[in-house]
Every structure is written in C-alpha cells, then in structure tokens.
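Student: Supplied in structure tokens, the structure appears directly below.
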Amino acid sequence: MMTALSHMFLQEYWWLIVSLLASLLVFLMFVQGGQTFIFSLPRNNMQKTMLVNTFGRKWEFTFTTLVTFGGAFFAAFPLFYATSFGGAYWVWMAILFSFIIQAIAYEFRSKPANVFGQKTFDVFLLINGSLGPFLIGVAVATFFTGAQFRLNELNQVTWQTPWHGLEALLSLRNLSLGFAVLFLSRILGLMYILNSVEDEDVTKRSRKKIAVNTIPFLVTFLFFAITLILSEGFASDPETGKVYMEKLKYLNNFLQMPLVLAMFLAGVLLVLFGIYRSVFSDCYKPVWYSGTGTVLTVLALLLMVGYNNTAFYPSLDDLNSSLTIRNASSSHFTLRTMFYISFAIPFVIAYIWFAWKAINNKRISQEEMETEHHVY
Amino acid sequence: MIDSVDLSLVDWSRAQFALTAIYHWLFVPLTLGITFIIAMMETLYVKTGDEEWKRITKFWMKLFGINFAIGVSTGIILEFEFGTNWSNYSWFVGDIFGAPLAIEGIFAFFLESTFIAVMFFGWNKVSKKFHLLSTWLVAIGANLSALWILVANAWMQNPVGMVFNPDTARNEMQDFWAILFNPVAVDKFLHTITSGFVLASIFVIGVSSWFLLKNRNHLLAYRSIIIASVFGVISSVFIIYTGDTSARTLAAVQPVKFAAFEALYEGTANAGLVTVGALRKSDETIGDLTVNEFIFKIEIPGFLSVMTTGDREAYVPGIKDYIYGNPEMGILPAAEKIERGRHARDVLFDYKKAKEAGDNEAIAALRTRFDDPDFIQNYFAYFGYAFLNGPEDIVPNVPISFYSFHIMVALGFFFLLLFALSLFFVLKGDLEKHRWFLYIALWSIPLPYIASELGWVVAEMGRQPWIIQDLMPVSVAVSHLSASSVKTTFILFAILFTALLIAEISIMVRQVKTKSNP
C-alpha cells in the first residue's frame, strides 16, 4: 500500500525524478543536434564560429545532466545501472566515447598548436552530435522492446549474446527511436540557432532545414509510437512480482493513467507547434515550445513504462529477470534520504535559469565574436 | 552461484579503470586548486580596480579552461565504468555508493557547470561582483564534487553505516551521517583537495618562473608567485598534517595496507619509521607470496609506533601478524577469516536455496542469522574472505605500496621547502637574482602530478585484493564480459587519452609562450 514516504511512494517519486532528468537530457541534446550542422549550415568561417559558440556555451549543461542522470539512476535503481551498463557494454561505451571527444573539441578546436587541426575537432563534434542522440535513443528504446540478459539469485547479470548491447541495433523499433531522437535533436538545435544567433542568412537556412528534418523525424517517431501502442507489453504482477506479457499493455497504461496520456499528447502537439512556428512564421522562440514538448513527451513515455506495474527494463531471455521500479530500486532508507536531498533541486533549477538568462540576454552576433575574450 | 572469473578479465578491467583514473587525475587537481587562485586574483581586481589583476586573472583562467574540458571528458567515463566494468560491485554497494554520486551531480556539477559559463562569458554581461561570485562558486563547486566522490571512495576503504540485506544480496545504507563523516572520508577529502591546492600553486609558480627566466611579464609573474606561494605554504603545512592523520586512521582500519607502506612484515614494539629504503626479494615465501627484505633503510626509531598510537612503546603489527594471526593482539589468522567468510557465504546460499524451494521454516531460521550481531561481527564481517584462495592473498603489492608512499611523502616535504623559499625570495624582492631557484621551480611542475598520482596508487593498489575492504575482492566485483572486449576498450581509451593529453600540453605550452607583455 502506498502511503506518504512508503517505499512504494519513494520508488515512484524517484522514477519521476530520473525520468525528468532523462527528458531534460533529450531536450538539452539540442547541443548535439546543432553540432551536426557544423559542416552543412555555415557558409563562411564567421557563421561557423557563431554556430560553434552558440552550442559551446551550453555543452556543459547537457554533459552535467547526463552525469546527474547516471548518478541518480545508480542511486535510485542500482540494479538497472549494474544490469544495463554491465551488460550492454558496447552501446554504452560508444555513447561515452562520443561524449569524451565533445568536451575537448570545443575547447581545443580554435586554439593554436592543437596538434590535430581544427577540422579533426570539428569532426569530433559531428560524431558526438550524430552518435550521441542516436545511440541514447536506441538504448532507451530497449526499455520498451527488452534486452538479452539474465540475473542470477545474487542479482548478477549475464548478457546472453556476445554482442553486449549491439544486437539492439538489429531491431527496427529500436532504430526508429534512435533516429527519431537524432532528428528531434537536430530540429531543436536549429531552433536554438533561431533563438540565439543574430544572422539573417543563418536564420533563413535554419528554418528550411527544420522543415527538411521534420519529415524523417515524424516518420520514425510515428513508427515507434504506433508500434509501441499496438504491441504486447511487459506487465508485472503487483502481488508476486512475476513478469508476463500483456496485450496492448502500453496502450492500457496510457488509458489507465490519463494524466500521463494528456502529458504525452500535449508534448507531441507542442513539438509540432514549435516546428510550425519555425517554418511558417518569423518567430525566434519556437525552441521553447518544442523544448517543453520534448520534455513532456519523453517524461510521459518514461512514466508510462515505469508505472502501472510495468517492467521498465524487460529481459527477453528470462521474463522474471526483468527490472521493475519495485525490484530494481534502492532501499527505503536510501530513497528517503535522497528524497530530502531532492528538495534542493528547485533551488538548483532557479540558479541555472538565472545564470542562463544572464549569459543569454543578447543573441550571438558577428561583433561579439570579434571582441569576445573566450571564443571556441 | 558466483561463476568462476577469468583472471585476465579482472586484470584488464583493473587496468582500464586505473588508466581512466590516472588520466582523469592528471587534470582534476589543477582544477581544484587553480580555481581558488583565480578567485583570489579576481577578488583583488574587484577590490582594487587594478586592470592588471584582471589581465592576470584572465590569463590563468584561459589555462584553467583548457585543463577543465579534458578533466570533464575523462570524468564521465569513470562514473559509468562502475557500471560497465564492475556491475556486480554496482549492485552490491549501489544502495550506498550511488547516493553520493547523485548528490555530486545535483549539488556540485551543476554549480560548477552553471557558473563556469558566467565565469568565461560573463565579463561584459554581468556585474563585477556577480562575476566574482561566479568564480568563487566554480571553485567551491569543483571542490564539492571532490567531496562526494571521495566519500564514496572512503566507504570502499572503510565500509560503515550499512547493513547487509540477504533478500537483495547487497549492502544497504543505514546511517547517512556515518558514511559522510567516515573518518577515512574526512581525511581523504582534506588531504586530496589540499594536494590539488599544492599542485596548482606549483603550476602557477613554475609557469611564472619561466616568464622571469625569459625576462617577460614581470608584474604577472611576481603577483602570481606571491599568491601561489602563500596559498602553497598554507596548503603544504595542511597536507602534511592531513597525511599524518590519514596514516593514523589507516593503521586502524586498513592495517595490512599500512604495514605494506612500511614493508613491515614482522610486527614490533617501538617500531621505527623508514625514511629512506630499498627493497629486494628474499628467499622466504608465504604460499605464493615472496617476502621482500630491505637492502638498506634509514629509520626514525619508535616513530611508527608514535604515529599509529601516540605511544613510542606500542606494538605495530606486521604483515605476518595478519597472515598467521596474533592472539596477543587479538588478530585472527587470515585462514580463520577465510573459514568464517565461507561459512557466511554458505548461510547466504542456503537462504537463497530455501527461498527458491519455498521452505518457510528454513527461510525463517536462516533469516534470523543476518539479524544476529554475533554472526554479523564474527562471520559476515569476513564475507569477502570467502573468495580468496589463500591467506597470503590479503597482502597488496608491497614494493609498489612502499615506494609510492615514500616518494609521495618525500615530495610533500620538498614542496613545503619550495614554497617557503619562493615566498622568502619574492618578499625580499630579489627572486630574479636566484635563477637556480627559478629553474628548480620550473622543473618542479611535474613533481606534484607524480605525487598526486602516487597518492592514488597508494590508496587503490594498497587496498588490494579488495574493492570493498574485507567484503568484496575485485575478482568478484567484475562485470561478466569477455577479456577481449575490455582489452579493446582499454586500447581505444589509451590511444584517445594519450592523444588528448598531447594536444592539451601542446596548447598550454603555446598559450604560455605567446602570452604577450601587457
């Protein structure tokens, strides 16, 4: 039974926090999406410098959110951390490689004597921008489609394929979410350029590219969403904890949690509204519509797969090795301790917002790039 | 239940984690210290309005930025490697270890990453005071992030504040404050951040000395040396003090590690502290372990006894006391600990079997064992010993521990001397006349890096065979991967990190060389 600060309540609370961090991470991957245009959007070096500096001033937020997401998952659901990271080794390693090369690329690319030349670091940004969102999308898709692992009685994981996570790339549904996240991050990146760069030529071409990227985004996202709603899902018996397949489980979850469904629909509509405003108006702020929509959509999807007696990390090899927020969580004491600590989160968000506003009070211009002391 | 583990997998996993940690630690200490030095310089700028202080601040800030990015890059790997390479460990301790990591992210990383943007890009966008506040918050955030990861690491050295849950087969947090104020954590945090302060101070003095040797940027060099020398002297004194308290704590909670630092095989009263010495392999063996002996050593008589207990006549147990036991000192033989650990493991496995079979009577009987203080203190406390092959396995690599520890300590005293001389000459106003000192300061830049890395070698190699002292050996903690997979990622990381390090050094050197006179 769920009472105030019961273990069940805290498990759901921490699933909400982890999901919120994941949804913020997907939004903040506009940095990665923007990086993918490093060779295709700018027509000259100044435009390239403006583009790189637009995203270079925000890469730490994405990075920090990823690290905090990892830390929060470890703290709240350590069995997922142990199972997925220790099992799907190659997918997570590829994601990490792509993030290592991002951080230094910004700082090193324009510095004299950087040994490998500016182009190398620009390619690093392109690799991170493409691989990061795509692979994170594929990894998250396995929350819905399952993974090949088995846990023993001491909860130690053994991966059942020698590919250690790469087999996820063979699933069309996983690929579709991977590409959907990639194209969404590209769209958000372009929208962020509209928001932050003062250059009419760049703005005009960004709007065109948003329209072009919307098509593959919609195709892949709709494919994933429709197949998800129509598919069997991994349900968990609340009494015994046994996991079994249930027809239309995810559709049922949406219907049984109307608030989550409303959040999902509102999120999708906001993303589309932001795209509409970008393409068919002169609005400079659509990133805030689509960004909010992204957060709501991802949050709704993760709440849907974590709540309502659902396995959020299903095992395809042994259903009862599947992870639920009940069997994968930390102890009551740890979750309660962290519950009190989480009261600081609004304060953290407040100072981030304040600092962000202070730095972003003016759009990046050619003039600023010529006079700024710290240019990437 | 616990599959046999491929030893080459354990070795490659250890090598990969060590590689990542060593590279990460090349960059972090400078961040820990230089952020405070920069904050002090900017404070002087805001207080005096002297534009030269602003230029000095910006110069060191540029070097900090180059260093910071690569530190962040290597740091993200470390966090996720707990899961990717040590998944059994992640579950066994995740209930405790995860919380500090999450707090680190929420409190420290966001503080650092938010205000670093203001620090670099806010010069013309926010007020002077807000900019200064941001710089101080970056310094505080960087050091706070060190606190939480060191709390987690300290728990691995001295697990406290938890209870084992046989149902989930893991340790669970019982007392958050005991974990936060673990004596090892307090010592480790203070010792580690001050090592960063020392390193940054030497970095600043070394680079500034180069300017003076080249007869350039005099004002920048002098002002930087004054700040770094004062900061360095204070930090050096403090690091020696925290080193001393760390050693005392260590002698109590990780006595085998402590004995390995001193290569003390035979316990003795009135034990001397080796100041200088060299080891070689002797003919004596204990199981597979070859005992080392001193070729020569210079000792301070009785000082090791004083360091550990405050009493010159106190008995300091040696490695053999912990292998064979010492009833007078109340030390159990390692073989007995192995037996007790295996008993605890058998009870756990029997409990798991009873649960699987639904044998309620057996479940109830076995479950009570884990609530019995006698079983917990006298058997489960040695759970990790169940996985050792023999008593000699409890001994870490003695030569590595001994040399790492002694070189680190010697360098610590050298740094104090360096800072004192630097401060003396600069206050006297004739620093430039002592070119020999400027050369020493310049060539000393790598030394704190060596000392700092050796500190981690001492802490982590000295803890072997444990990943969590007495509870889990590294061989059990490792993820079930193929050794070839880990070997491949090790090679990729080694190439990538080395390439990035080369680029970083090259950029730093160029930034210093091209720093023009104002």
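Student: Only one of A:38, A:101 is touching an Asp or Glu at 6+ places or on another chain (Cβ under 9 Å), more than 7 Å from every other protein chain (Cβ to nearest Cβ) and in contact (Cβ under 8 Å) with a residue 12 or more places away in the chain; which?
Tutor: Of the residues listed, the single one that is touching an Asp or Glu at 6+ places or on another chain (Cβ under 9 Å), more than 7 Å from every other protein chain (Cβ to nearest Cβ) and in contact (Cβ under 8 Å) with a residue 12 or more places away in the chain is A:38.
Student: Please determine whether any residue of segment B:2-25 is surrounded by 21 or more Cβ atoms within 10 Å (Cβ to Cβ), closer than 21 Å to residue A:61 by Cα and in the same structural domain as residue B:150 (by TED's automatic domain parsing).
Tutor: No, segment B:2-25 contains no residue that is surrounded by 21 or more Cβ atoms within 10 Å (Cβ to Cβ), closer than 21 Å to residue A:61 by Cα and in the same structural domain as residue B:150 (by TED's automatic domain parsing).
Student: Here is a list: B:102, B:154. Which entry is free of Cβ contacts under 8 Å to residues at least 60 places away in the same chain and more than 8 Å from every other protein chain (Cβ to nearest Cβ)?
Tutor: B:154
Student: Restricting segment B:472-493 to residues that are within 17 Å of residue B:78 (Cβ to Cβ) and part of a helix (DSSP H, G or I), which is nearest to the other protein chains (Cβ to nearest Cβ)?
Tutor: B:489
Student: For a quick check of your reading: which helices (runs of 4 or more DSSP H) sit entirely within segment A:228-338 and have at least 2 residues that are among the β-branched types (Val, Ile, Thr) and surrounded by fewer than 24 Cβ atoms within 10 Å (Cβ to Cβ)?
Tutor: A:258-280, A:286-306
Student: On to the next question. Just one of B:438, B:496 is within 9 Å of another protein chain (Cβ to nearest Cβ) and either crowded, with 22+ Cβ neighbours inside 10 Å or out of contact with any Asp or Glu (no Cβ under 8 Å at 6 or more places or on another chain) (or both); which is it?
Tutor: Answer to the selection: B:496.
Student: How do the pairs read when you match residues in segment B:216-240 that are over 19 Å from residue B:413 (Cα atoms) and touching a residue at least 12 places away in the same chain (Cβ under 8 Å) with residues anywhere that are outside any helix (DSSP H, G or I) and among the polar types (S, T, N, Q), using Cβ under 6 Å and keeping only pairs 6 or more apart or on different chains?
Tutor: B:216/B:517; B:217/B:517
Student: Which is within 24 Å of residue B:90 (Cα to Cα), more than 8 Å from every other protein chain (Cβ to nearest Cβ) and not small (Gly, Ala, Ser), of A:126, A:135?
Tutor: Exactly one of A:126, A:135 is within 24 Å of residue B:90 (Cα to Cα), more than 8 Å from every other protein chain (Cβ to nearest Cβ) and not small (Gly, Ala, Ser), namely A:135.
Student: Got a number for residues in segment B:76-92 being facing chain A (nearest Cβ under 8 Å) and under 20 Å from residue A:62 (Cα atoms)?
Tutor: 4
Student: Looking at segment A:356-376, which of the residues that are in a helix (DSSP H, G or I) and either more than 9 Å from chain B (Cβ to nearest Cβ) or modelled with pLDDT of 85 or more (or both) is farthest from residue A:108 (Cα to Cα)?
Tutor: A:357
Student: If you don't mind, there's one more thing I want to ask. Say whether the condition of being within 14 Å of another protein chain (Cβ to nearest Cβ) and touching a His at 6+ places or on another chain (Cβ under 9 Å) is met by at least one residue in segment A:336-347.
Tutor: Yes, segment A:336-347 contains a residue that is within 14 Å of another protein chain (Cβ to nearest Cβ) and touching a His at 6+ places or on another chain (Cβ under 9 Å).
Student: From B:35, B:48, which residue is without any contact (Cβ under 8 Å) to a residue 40 or more places away in the chain, polar (S, T, N, Q), over 25 Å from residue B:492 (Cβ atoms) and away from chain A (no Cβ under 13 Å)?
Tutor: Criteria check complete, one pass: B:48.
Student: Against the condition over 24 Å from residue B:181 (Cβ atoms), within 18 Å of the chain's Cα centre (by Cα) and in the same structural domain as residue B:487 (by TED's automatic domain parsing), how does residue B:104 come out, does it pass?
Tutor: no
Student: Assess whether residue B:95 counts as being part of a helix (DSSP H, G or I) and either within 11 Å of another protein chain (Cβ to nearest Cβ) or among the aliphatic types (A, V, I, L, M) (or both).
Tutor: yes
Student: In segment B:104-217, which helices (runs of 4 or more DSSP H) lie fully inside it and hold 1 or more residues that are under 22 Å from residue A:107 (Cβ atoms) and of a type in the set (A, V, I, L, M, F, W, C)?
Tutor: B:110-121, B:128-157, B:183-213
Student: Which condition does residue B:222 not pass, out of (1) over 30 Å from residue B:400 (Cβ atoms); (2) outside any helix (DSSP H, G or I); (3) among the hydroxyl-bearing types (Ser, Thr, Tyr), if it passes all the others?
Tutor: (2)
Student: Here's another thing I want to ask about it. Looking only at segment A:45-83, which residues are within 30 Å of residue A:194 (Cβ to Cβ) and among the hydroxyl-bearing types (Ser, Thr, Tyr)?
Tutor: A:49, A:54, A:62, A:64, A:65, A:68
Student: So if I check each of B:437, B:425, which one is of a type in the set (A, V, I, L, M, F, W, C), touching a His at 6+ places or on another chain (Cβ under 8 Å) and farther than 30 Å from residue B:84 by Cα?
Tutor: Answer to the check: B:425.
Student: Looking at segment B:120-132, I want the residues that are at the interface with another protein chain (Cβ under 7 Å from one of its Cβ atoms) and have a partner that is among the hydroxyl-bearing types (Ser, Thr, Tyr) with Cβ atoms under 8 Å, at least 6 apart or on another chain. Which pairs are those?
Tutor: Taking only residues 6 or more apart or on different chains, the pairs are B:122/B:134; B:126/B:134.
Student: Now for a separate question. Suppose we keep only residues that are closer than 16 Å to residue A:63 by Cα and within 7 Å of chain A (Cβ to nearest Cβ) within segment B:107-119. Which one would you say is farthest from the chain's Cα centre (by Cα)?
Tutor: So the residue we want is B:117.
Student: Can you pull out the helices (runs of 4 or more DSSP H) entirely within segment A:44-124 that have at least 3 residues that are aromatic (Phe, Trp, Tyr) and at pLDDT below 90?
Tutor: Hits in segment A:44-124: A:59-76.
Student: Answer with yes or no whether residue A:292 is within 14 Å of chain B (Cβ to nearest Cβ) and more than 30 Å from residue A:245 (Cα to Cα).
Tutor: It is false that residue A:292 is within 14 Å of chain B (Cβ to nearest Cβ) and more than 30 Å from residue A:245 (Cα to Cα).
Student: Still on this structure, please answer the following. From the set of residues in segment A:161-175 that are free of Cβ contacts under 8 Å to residues at least 24 places away in the same chain and outside any helix (DSSP H, G or I), which is farthest from the other protein chains (Cβ to nearest Cβ)?
Tutor: It comes out as A:161.
Student: Which condition does residue B:179 not pass, out of (1) free of Cβ contacts under 8 Å to residues at least 24 places away in the same chain; (2) within 11 Å of chain A (Cβ to nearest Cβ); (3) out of contact with any Pro (no Cβ under 6 Å at 6 or more places or on another chain), if it passes all the others?
Tutor: Unmet for residue B:179, out of (1) free of Cβ contacts under 8 Å to residues at least 24 places away in the same chain; (2) within 11 Å of chain A (Cβ to nearest Cβ); (3) out of contact with any Pro (no Cβ under 6 Å at 6 or more places or on another chain): (1).
Student: In segment B:145-162, is there at least one residue being surrounded by 19 or more Cβ atoms within 10 Å (Cβ to Cβ), closer than 28 Å to residue B:352 by Cβ and in contact with a Lys or Arg (Cβ under 8 Å, 6 or more places away or on another chain)?
Tutor: yes
Student: Here is a further query. Within segment A:57-80, is even one residue polar (S, T, N, Q), touching a strand residue (DSSP E or B) at 6+ places or on another chain (Cβ under 7 Å) and buried (at least 24 other Cβ atoms within 10 Å of the Cβ)?
Tutor: No, that holds for no residue.
The values are calculated or read from the model by the stated rules, or taken from the named source; none is laboratory data. Please read these numbers as outputs of a predicted model, since none were measured by experiment. Every residue, glycine among them, receives a Cβ derived from its backbone with ideal geometry; neighbour counts consider all protein chains shown.
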